[in-house]
Amino acid sequence: QVHMVESGGGLVQAGGSLRLSCEAPGRTFGIYAMGWFRQAPGKEREFVAGISWIGARTYHADSVKGRFTISRDNAKNTVNLQMNSLKPEDTAVYYCAADRTVLSTRWWEYDYWGQGTQVTVSS
């Protein structure tokens, strides 16, 4: 079992920035990729960004491309999401997830999940 702990959410004005972090304490052996998803009230969970643990291949959703950047620190077992130029429509609970076999954009393919962190962007 891999437990992830997210941090860094909060309230920010439109145009501002936040940095989310996801720590996978213990071990990441067997993890192929980690991703960030978000879910706004009344909406489906959607992919935001993902990164492979080896090679650092990344993929960002079109809605955040150019504004958000995912990165990883293997030594600290941490994946970060730098969010710039935030918009009110970015408001959601953001979840960190880990996948054992593939870098996927489909949330149901991920094996482990964090508890989520709230991001609220005011207009």
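The values are calculated or read from the model by the stated rules, or taken from the named source; none is laboratory data. Everything numeric in this text was worked out from a predicted model, so none of it was measured. So basically every Cβ, Gly included, is an ideal-geometry build from the backbone, and we count neighbours across all protein chains shown. Calculation scope for accessible area: heavy atoms of the full protein, side chains included, ligands and nucleic acids excluded. Shrake-Rupley method; radii C 1.70, N 1.55, O 1.52, S 1.80 Å.
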How many residues does the range 79-115 contain that are within 11 Å of the chain's Cα centre (by Cα), open to solvent by 20 Å² or more (accessible area, probe 1.4 Å) and at pLDDT below 95? 1
Given the conditions (1) open to solvent by 20 Å² or more (accessible area, probe 1.4 Å); (2) assigned to a loop (DSSP other than H, G, I, E, B); (3) in contact with a strand residue (DSSP E or B) (Cβ under 6 Å, 6 or more places away or on another chain), and given that ILE54 satisfies all but one, which numbered condition is not satisfied? (3)
Take the conditions of a type in the set (A, V, I, L, M), surrounded by fewer than 20 Cβ atoms within 10 Å (Cβ to Cβ) and under 26 Å from SER123 (Cβ atoms) and apply them to ALA61. Does it pass? yes
Looking only at the range 13-50, which residues are more than 21 Å from GLN118 (Cα to Cα) and either touching an Asp or Glu at 6+ places or on another chain (Cβ under 8 Å) or of a type in the set (A, V, I, L, M, F, W, C) (or both)? PHE29, ILE31, TYR32, ALA33
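Tell me, please, whether a residue that is among the aromatic types (Phe, Trp, Tyr), touching a strand residue (DSSP E or B) at 6+ places or on another chain (Cβ under 8 Å) and at pLDDT 90 or above can be found in the range 23-32.
no
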